[in-house]
Amino acid sequence: QVQLVESGGGLVQAGGSLRLSCAASGRTFRGYVMGWFRQAPGKEREFVAAVTWSGMNTYYADSVKGRFTVSRDVAKKTVYLQMNNLKPEDTAVYYCAAAPGDYGTSWSQYPYWGQGTQVTVSS
């Protein structure tokens, strides 16, 4: 049974940084893409970033390019999202997700999801 557990969310001032972690278990994730999505109140869930389990490919939403970095540690089976220069509009619940394949920017492509972690950026 696949489990994805996010951690690292919290309250931070604008311009600050946070690192989210996603501990993955329940299967081998070789051949999978690991994504980060976020959902703000009243808005649709949106793609943030993704990394292939091999580490060969990374993908970012335009809104976070240059500020966020996605990575993974195969030995720890953990995916990270380093978020720098945070803005109030980054406030949302952040979700980790996993999907077979090497590309995925649509939430509908991902069958496995974590419970989410709240990120709040104050101005």
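The values are calculated or read from the model by the stated rules, or taken from the named source; none is laboratory data. The shown structure was predicted, so the numbers you read here are calculated from the model rather than taken from an experiment. FYI the Cβ positions are ideal-geometry reconstructions off the backbone, even for glycines, and counts take in every protein chain you see. Each accessible area value is taken on the protein alone, full model and side chains, heavy atoms only, with ligands, DNA and RNA left out. Shrake-Rupley method; radii C 1.70, N 1.55, O 1.52, S 1.80 Å.
Some notes on this structure:
- Subset of region 3-43 (residues that are β-branched (Val, Ile, Thr), within 21 Å of Thr58 (Cα to Cα) and not in a loop (DSSP other than H, G, I, E, B)): Val5, Val33
- Among the residues of region 73-109, those identified as within 14 Å of the chain's Cα centre (by Cα), in a loop (DSSP other than H, G, I, E, B) and within 18 Å of Lys43 (Cβ to Cβ) are Thr91, Thr105, Ser106.
- Cross-chain or 6+ apart pairs with Cβ under 7 Å, region 62-74 first and free of Cβ contacts under 8 Å to residues at least 40 places away in the same chain, then among the hydrophobic types (A, V, I, L, M, F, W, C) and assigned to a loop (DSSP other than H, G, I, E, B): Arg72/Trp53
- Of all residues making up region 69-99, the number that are among the hydroxyl-bearing types (Ser, Thr, Tyr) and open to solvent by less than 10 Å² (accessible area, probe 1.4 Å): 1
- Of residues in region 1-51 being aromatic (Phe, Trp, Tyr) and farther than 14 Å from Lys76 by Cα, the one surrounded by the fewest Cβ atoms within 10 Å (Cβ to Cβ): Phe47
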